[in-house]
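J.: To start, I am sharing the structure in question, which I have written as structure tokens.
The values are calculated or read from the model by the stated rules, or taken from the named source; none is laboratory data. Because the structure is predicted, anything quoted here is derived from the model rather than measured. Positions of Cβ are generated from backbone atoms using ideal geometry, with glycine treated the same way; all protein chains shown enter the neighbour counts. Surface areas here come from the heavy atoms of the whole protein model, side chains and all, with no ligands, DNA or RNA. Shrake-Rupley method; radii C 1.70, N 1.55, O 1.52, S 1.80 Å.
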Amino acid sequence: MSQLLCPTTPIQTMTLASGLQVVYQYVPAAVVAIDFWVRAGAAAEPEDYNGVAHALEHMVFRGSADLPPGAFDQLIEGHGGMTNAATSQDYVHYYVLTSPEHWREALTALADILFRPDLDGSEWQRERAVILEELRQAEDHPDWVGQRQLWQYCYAGHPYERPILGTAASLARITPEVLQHFHRQYYHPGNMTLVVVGAIPWEALMAVLAQVCPVAEAADSAPAGVCPLPKVTPAYSRLHVPQAEQGRLWWVWPVTGVGDAATGWGLDLLATILTGGRLARLTQRLREELGWVQDIDCHYHQQVAGGMWQMTAWLSDDRRVEQVEAVLEQELMALQTELVSREELRRAQRQLLHAYTFGTETPQQMAQVYGYYHAMGWLEQGMQYTQRLTQFCPEDLRTLAQMYLPPQPVVRLWLTPAELG
């Protein structure tokens, strides 16, 4: 067992005999967070059954042989707790938030539905209808439509290209047998990480896990591998979306070859300098001074195989799109050739540090941060976030801009409610 130092109490990590990896932190709090991370996101799916990872996330909550539909929710909520899950390209995670008095029941029940779900055919028919409605609502949202188009450009031919929700056609092909096969492949302890944060003694946690984790056995397959991202051909496209109330402009740079968390944090600093608050460069110029956009945002999205750094501008007037693009190019060129001021850098660092502090105030938030960094393979680096972020200097940011953010984006997408001419 190793211990990673963090600003509060030590984080303990251990791999059990079953193969389950455990990340644990004792925090004297009124709640306990229990969070299972499974390396079985949309990228692990067979192409013909796109959406099965998200579908299985839904079906897990339908219960097990010992917990019929509704019983799991009644158990958790009856004790004043809450539960939910989320699916990404790389992983699915399931969490419970409960009181210290009821963590044993919560952990036992969550492990039961994860390891032994009842993937009944009639329940799947009901759940598929729920997912189809979720898909229809997403397809009616212009931001979702645009983002899907960007992922198709940036990840063409790669598993990341697939929509997490699947499609109506792929969902129709998913059967209980498909769900069961996917579950057997990936829902075993050797392909999972459990994060626990709260006032739980380590010895008591180990005793419960010894009872609820299946005995180690050969799985149907190894954990999902991650293939390299494709080289992206520069592209510019216009997309007509009649239901959009305003135009959107996306500029995107695929980011590959990032071997450490600190590079991502530097890219976060560049995004914050450009759009982090009213005083940020692009926000100040395009929204506050010129009024050409209703809002603008930059952010870096990191995944296991690589990420995307993107700008999104919600346009006040589509006729200004070329002028908006000229401003974006000017500001990106400035990052390449000039050093940001110390004042700008300190302001961006303070914003990100405060966001990190506010985002790790509760056991639930801490568990999600630890789970994400562990899934990325950067848990130890993640515990150095505060220290490392304050070490960036203007020269570092100029170097990162030169390496990853040339003034012309790799992919440009203009989504407009107007007819294409």
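J.: List the number of the failed condition for I34; all other conditions in (1) in a helix (DSSP H, G or I); (2) over 30 Å from M308 (Cβ atoms); (3) open to solvent by less than 60 Å² (accessible area, probe 1.4 Å) hold.
T.: If we test I34 against (1) in a helix (DSSP H, G or I); (2) over 30 Å from M308 (Cβ atoms); (3) open to solvent by less than 60 Å² (accessible area, probe 1.4 Å), just (1) comes out false.
J.: Does P201 satisfy being touching a Gly at 6+ places or on another chain (Cβ under 8 Å), open to solvent by 10 Å² or more (accessible area, probe 1.4 Å) and not assigned by TED's automatic domain parsing to the domain that holds V369?
T.: For P201, the condition - touching a Gly at 6+ places or on another chain (Cβ under 8 Å), open to solvent by 10 Å² or more (accessible area, probe 1.4 Å) and not assigned by TED's automatic domain parsing to the domain that holds V369 - is not met.
J.: Among the residues of the range 258-303, write down those that are in a loop (DSSP other than H, G, I, E, B) and either not assigned by TED's automatic domain parsing to the domain that holds A326 or not aromatic (F, W, Y) (or both).
T.: Answer for the range 258-303, where residues must be in a loop (DSSP other than H, G, I, E, B) and either not assigned by TED's automatic domain parsing to the domain that holds A326 or not aromatic (F, W, Y) (or both): V258, G259, D260, G276, G277, R278, L279, A280, L290, G291.
J.: Is it the case that G306 is in the same structural domain as L352 (by TED's automatic domain parsing), open to solvent by 10 Å² or more (accessible area, probe 1.4 Å) and touching a residue at least 40 places away in the same chain (Cβ under 8 Å)?
T.: In short, no.
J.: Filter the range 96-111 for residues that are touching a helix residue (DSSP H, G or I) at 6+ places or on another chain (Cβ under 7 Å) and under 25 Å from R39 (Cβ atoms) and give the result.
T.: Selection gives V96, L97, T98, A106, L107, T108, A109, A111.
J.: Hey, any hits in the range 69-87 for a residue that's touching a residue at least 60 places away in the same chain (Cβ under 8 Å) and open to solvent by less than 20 Å² (accessible area, probe 1.4 Å)?
T.: no
J.: For the condition open to solvent by 60 Å² or more (accessible area, probe 1.4 Å) and not assigned by TED's automatic domain parsing to the domain that holds P363, what is the one hit in Q147, Q180?
T.: Within the list Q147, Q180, the selection yields Q180.
J.: Scan the range 315-351 residue by residue and report those that are under 23 Å from the mean Cα position of the chain (by Cα) and either under 30 Å from G41 (Cβ atoms) or not in a helix (DSSP H, G or I) (or both).
T.: Q351 - this is the single residue of the range 315-351 that is under 23 Å from the mean Cα position of the chain (by Cα) and either under 30 Å from G41 (Cβ atoms) or not in a helix (DSSP H, G or I) (or both).
J.: Here's something else I'd like to know. Among the residues that make up the range 63-74, is at least one of them in a strand (DSSP E or B) and touching a strand residue (DSSP E or B) at 6+ places or on another chain (Cβ under 7 Å)?
T.: Yes, the range 63-74 has at least one match.
J.: Mind checking which residues of the range 311-342 are polar (S, T, N, Q), surrounded by 18 or more Cβ atoms within 10 Å (Cβ to Cβ) and either free of Cβ contacts under 8 Å to residues at least 60 places away in the same chain or more than 30 Å from C393 (Cα to Cα) (or both)?
T.: Residue satisfying the conditions is S316 alone.
J.: What is the one condition in (1) at pLDDT below 95; (2) closer than 21 Å to V258 by Cβ that L397 does not satisfy?
T.: (1)
J.: Go through the range 364-421 and tell me which helices (runs of 4 or more DSSP H), entirely inside it, have 3 or more residues that are over 28 Å from S88 (Cα atoms).
T.: 394-404
J.: For the structure I just gave you, tell me whether A138 is surrounded by fewer than 19 Cβ atoms within 10 Å (Cβ to Cβ) and touching a helix residue (DSSP H, G or I) at 6+ places or on another chain (Cβ under 8 Å).
T.: yes
J.: State whether one or more residues within the range 107-115 are buried (at least 17 other Cβ atoms within 10 Å of the Cβ), among the charged types (D, E, K, R) and at pLDDT 95 or above.
T.: Yes: the range 107-115 contains one or more residues that are buried (at least 17 other Cβ atoms within 10 Å of the Cβ), among the charged types (D, E, K, R) and at pLDDT 95 or above.
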